[in-house]
Amino acid sequence: MRERCPAFLLPARARSPAISWEQHVEKGCLVHGIRARDLPLIRAEIAAWLADPGPLGGPATWASGHEPRTAAEEWQAAGRWATALRAADLFYVSAGMSRTAVSAGVALPSYRLHEEDVPSRHGLLVWEEPVTPVHHGGEFTGAPLTAASWTTLGNRVHVRLWTSREYWITSMAEGDSKLGLRELSAAETRALRLRHPQPIVCMFSGFLPFRKTPGWLASTPSDTSSMSWAELEDRCRAASRHELAERALIASWLLIGQTIVREEELQISKAAAKQVSRIDPRLLTSVRYAYLRHRRSAPARPADGDRRRYDRYQWVVGGHWRDHWFPSRQATRPLWIDDHLKGPEGAPLLDPAKLVHVLRR
């Protein structure tokens, strides 16, 4: 989706005319500064922080500012998430796949999640690009969401959504008069950094049910393939940050293992592995790096009446979900068909104006 509305997904510094997005990528910069090989150490530090009962530990930080009942629940949740993160598989989603997950999530039809759709029982996933808007105003005010963690609990998945600490601290320090948030002083900003020492900060918590349609999908048509991208983007703007990120997360889960996505297992450096071992020697240090497979669709076989036209031109097929039958499950599962060109190689494009919808590789 980033190609369709790049300013919608990038922070102000990435939209600066001094450096284009392509130059940003070529220079090896990351929108939120987290690399795939950083994840094992980040996970180890967060798990240790959430298990720390001290005044600057995760339980005290998560419970801070809540009324007593919610504070007690958050204190207990911190301990449970420390355990879940230690057992989590680590996923890092490339920029190209992050954009596809956003597009696929917005276009996601009404769907009931199943246990086999979730790639692991416990997980921590970081998107290389944010999956929610960065601009200020209304519900979107604040830091964009860049990561998700989950743990399976009976007939549902407990999900926590995270943002970059630097995004969040900058947003909090600037304040927002519309929301009644005042600008923080330098001392208050330093105190905020002290209370949140990890690179990511938890923003939302929620549940996704198995074999039931999530509430935000209840009003979604069972087939969105006939909807235009303008209609889908209107739906996207009307959604909350929480919903947009959960849509992108479900789309990421469904995309992992499909033919348009490849996975590689990355290992961290020996120095980082020693740091992780000092924190907790039982933790694994591998990361599953997911990225889009480069592909080109073969020309479709046209009907006899259209043979002359489609033998001579290329045309754009927009990204869409398609129900695919899985014999092992004896049921259908959404299969994402990415934006692609069809038609003879080198032939002129039938409608050049639609080329902007094709994801760049």
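No value in this document is a laboratory result; all are computed from the given coordinates. For clarity, every value in this text was computed on a predicted model and none was experimentally measured. Neighbour counts run over all protein chains shown; Cβ positions are idealised from the backbone, glycine included.
With each label modelled as a point 7 angstrom along the Cα→C-beta vector, the GLU67-PHE326 pair spans 4.2 nm. A simple spin-label model places pseudo-atoms 7 Å from Cα toward Cβ; at LEU284 and SER269 they are separated by 2.4 nm.
FRET efficiency for LEU153 and ASP176, Cβ-Cβ distance as r, R0 = 22 Å, nearest 0.05? Can you show the working numbers first?
Details: r = 34 Å, r/R0 = 1.55.
Computed FRET efficiency for LEU153 and ASP176: 0.05.
A simple spin-label model places the labels of ALA87 and ARG333 2.2 nm from each other, with each point 7 Å out along Cα-to-Cβ. Of the GluC sites (Glu not before Pro) in region 56-140, not one is in a loop by DSSP (not H, G, I, E or B) with at most 14 other beta carbons within 10 Å. Once the Cβ-Cβ distance of GLN258 and SER205 is raised to the sixth power relative to R0 = 22 Å, the FRET efficiency obtained is 0.20.
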